[in-house]
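A.B. asks: One structure coming up, written as structure tokens, with questions to follow.
The values are calculated or read from the model by the stated rules, or taken from the named source; none is laboratory data. Please read these numbers as outputs of a predicted model, since none were measured by experiment. Every residue, glycine among them, receives a Cβ derived from its backbone with ideal geometry; neighbour counts consider all protein chains shown. Ligands, DNA and RNA are excluded from the accessible area calculation, which covers all protein heavy atoms including side chains. Shrake-Rupley method; radii C 1.70, N 1.55, O 1.52, S 1.80 Å.
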Amino acid sequence: MTHAIEVKDLHKSFGSLDVLNGVSLTVDEGEVITVIGPSGSGKSTLARCIARLEKIDSGEISVYGRRMDGGKISNARESELLGMIFQQFNLFPHLSVLENVAIAPMKVRGKSRAEAEKTARELLDRVGLGDKFEAFPAQLSGGQQQRVAIARALAMDPKVMLFDEPTSALDPELVGDVLNVIADLARSGMTMMIITHEMLFAKDVSDRVIFMADGRIVEQGAPDDIFVRPRKERTRAFLQRVL
Ligand code: ADP
Ligand code: MG
């Protein structure tokens, strides 16, 4: 069976700093994986390598059987298999919410404005922003901006969504709305890899939880295996600090 994401023995360093020391993992279609672990353990670097935002040193990364590890890419389309959401929302400040969501399908996919805006409206409704089409990013809260960013990624119809701490930049009272949107996506069957510090959310939404430390996967398993019955001391120590 072809995995949605397959990473084999991934190594990545920045200068003399070894950040990923042989990471292997798979994500299957429809699976929701959360990645937890201390700051600096290489979680973002892992996501950025999968999204082809970093060049890898060695190993293999495939998304739906297509190699994503630099050099072997046959065309830019393959990066469109993935939608990525970052801590910072990076919306286009001079474009309305509707335009932010509609622009890439028009520019990159050649969709007509009418078609792109129709999809954008549906997606904005889905993330609870059906009344904000004409607003500009600066007029929205951080939580609303992040939901626009999610709608914008979905507009490209990705097969996998990667989230890198999507709520870390938000005021606490805005976190829930964004997590609800992500949980809805999970229930809809979207394949997702979510890096998060929201442990209760991770426990709730995940099919599998991966605990990383020092550029390695320390252990992985069903939410209860990790949060209730962790096998490794390193995992226990981390959870004691964050729970
Ligand atoms: P996490 O997301 O788990 O906090 P990161 O993947 O962001 O961890 O970072 C892992 C390590 O790699 C950290 O020590 C970080 O400082 C370092 N690092 C990340 N990106 C770069 C970069 N572009 N250049 C140099 N060092 C980096
Ligand atoms: Mg990070």
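A.B. asks: Give me the percent of the accessible area of the range 1-64 that comes from carbon and sulfur atoms, probe 1.4 Å, all protein chains in place.
C.D. replies: C and S atoms contribute 44 percent here.
A.B. asks: Find the accessible area per residue for the range 102-168; the probe is 1.4 Å, ligands and nucleic acids are left out, and the unit is Å².
C.D. replies: Value returned for the range 102-168: 44 Å² of accessible area per residue.
A.B. asks: Using only the C-alpha atoms of the range 192-239, find the volume of their convex hull and express it per residue in Å³.
C.D. replies: Dividing the Cα hull volume of the range 192-239 by its residue count gives 74 Å³.
A.B. asks: Using +1 at the Cβ of each Lys and Arg and -1 at the Cβ of each Asp and Glu in the range 9-167, identify which of Ala47, Ile85, Leu98 lies farthest towards the dipole's positive end.
C.D. replies: Leu98
A.B. asks: Once you wrap a convex hull around the alpha carbon atoms of the range 1-156, what is its projected area averaged over all directions, in nm²?
C.D. replies: 10.8 nm²
A.B. asks: While we're here: What does the charge dipole of the chain about its Cα centre add up to, to the nearest 20 debye, if the Cβ of each Lys and Arg holds +1 and the Cβ of each Asp and Glu holds -1?
C.D. replies: 460 debye
A.B. asks: Need the list of lysines near Lys159 for cross-linking: C-alpha distance under 27 angstrom, and skip anything on the same chain fewer than eight residues off.
C.D. replies: Reachable lysines: Lys8, Lys12, Lys43, Lys55, Lys72, Lys107, Lys111, Lys118, Lys132, Lys203.
A.B. asks: Compute the Kirkwood hydrodynamic radius of the range 22-70, taking the inverse of the mean of 1/r over all pairs of distinct Cα atoms, and give it in Å to one decimal.
C.D. replies: 11.9 Å is the Kirkwood radius here.
A.B. asks: Once the whole set of protein chains is in place, how much accessible area is left on Glu115, using a 1.4 Å probe, in Å² to the nearest 10?
C.D. replies: 90 Å²
A.B. asks: Now a separate question. Given R₀ = 25 Å, FRET efficiency for Thr2-Asp214 by Cβ-Cβ distance, to 0.05?
C.D. replies: 0.25
A.B. asks: Just the number, please: carbon plus sulfur as a percent of the accessible area of the range 148-243, 1.4 Å probe, no ligands or DNA/RNA counted.
C.D. replies: 45 percent
A.B. asks: Sticking with this one: Phe136 to Glu60: extension gain in nm, 0.36 nm per residue of separation minus the Cα-Cα distance?
C.D. replies: Here the answer is 23.3 nm.
A.B. asks: For a protection proxy built on the mean count of beta-carbon atoms within 10 angstrom, sort 24-34, 57-67 highest first, please.
C.D. replies: Taking the mean over residues of other Cβ atoms within 10 Å, the ranking is 24-34, 57-67.
A.B. asks: Put a dot 7 Å past each Cα toward the Cβ at Lys107 and Lys159; how far apart are the dots in nm?
C.D. replies: Label-label distance for Lys159 and Lys107, simple model: 2.5 nm.
A.B. asks: Find the accessible area per residue for the range 1-60; the probe is 1.4 Å, ligands and nucleic acids are left out, and the unit is Å².
C.D. replies: Averaged over the residues of the range 1-60, the accessible area is 44 Å².
A.B. asks: Find how many whole Å separate the alpha carbon centroid of the range 96-141 from the alpha carbon centroid of the range 151-173.
C.D. replies: Rounded to whole Å, the Cα centres lie 15 Å apart.
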